Amino acid sequence: MENLYINHIAVFVCAVISLVIGGLWWSPLLFAKAWQTETGLTDEQLSNASPLKAFGLTFLIAYLMSYNLAFFLGAPETNWQWGVAAGLLAGFWAVGMFVIVALFEQRSFKYIAINCGYIAVYFAVIGFILGAWR
């Protein structure tokens, strides 16, 4: 543990990247309408949501998750390949838990796939960043 290294700037960037990937993922360019259809949320409901609450808590949670992964990738021999692998492994845990919850909520396969895709991409990207930016 004495050789543990965490790049705190990279951790912060990973939290910001969460918002960037999410903004793209749930944009009209990718999955916005399909996701909205699967959730049953109306445009009015989405426009009434609190952006400060949603984006603020998203950033905070992404920041904590990024630190958590950074601790696992803190060994001196960590590189981008191990970062991506560790990110995907962490993503597998998150995807598994999400699928379990979604199954009990009787969500559609499309809903599960859209959200699990985001989780996998997000964890792979932050793993890459934390592994490469040493």
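Where a number appears in this text, it was derived from the coordinates with a stated rule and is not lab data. Given the structure is predicted, the values throughout are model-derived calculations rather than measurements. Virtual Cβ from ideal backbone geometry, glycine too; neighbours counted across all protein chains shown.
Look at the range 3-19: where a residue is farther than 10 Å from ARG134 by Cα and a partner is among the β-branched types (Val, Ile, Thr), sitting 6+ places away or on another chain with Cβ atoms under 7 Å, you get VAL13/ILE129; CYS14/ILE126; CYS14/ILE129; ILE17/VAL125; ILE17/ILE126; ILE17/ILE129; SER18/THR58; LEU19/THR58. Just one of the numbered conditions (1) of a type outside the set (A, V, I, L, M); (2) surrounded by 12 or more Cβ atoms within 10 Å (Cβ to Cβ); (3) in a helix (DSSP H, G or I) is not true of GLY74: (3).
May I ask you to list the residues in the range 32-50 that are part of a helix (DSSP H, G or I) and either more than 29 Å from GLN106 (Cβ to Cβ) or of a type in the set (S, T, N, Q) (or both)?
GLN36, THR37, THR39, GLN45, SER47, ASN48
Every listed requirement among (1) in a helix (DSSP H, G or I); (2) in contact with a Phe, Trp or Tyr (Cβ under 8 Å, 6 or more places away or on another chain) is met by TYR67 save one, (2).
Without any contact (Cβ under 8 Å) to a residue 40 or more places away in the chain and either of a type outside the set (Ser, Thr, Tyr) or surrounded by fewer than 19 Cβ atoms within 10 Å (Cβ to Cβ) (or both), is that true of GLN81? Before you say what the answer is, go through the steps one by one.
Values: without any contact (Cβ under 8 Å) to a residue 40 or more places away in the chain: no; either of a type outside the set (Ser, Thr, Tyr) or surrounded by fewer than 19 Cβ atoms within 10 Å (Cβ to Cβ) (or both): yes.
The answer is no for GLN81.
Hey, among the residues in the range 102-125 that are of a type in the set (A, V, I, L, M, F, W, C) and more than 16 Å from TRP35 (Cβ to Cβ), which one's surrounded by the fewest Cβ atoms within 10 Å (Cβ to Cβ)? Taking the candidates together, the pick is PHE104.
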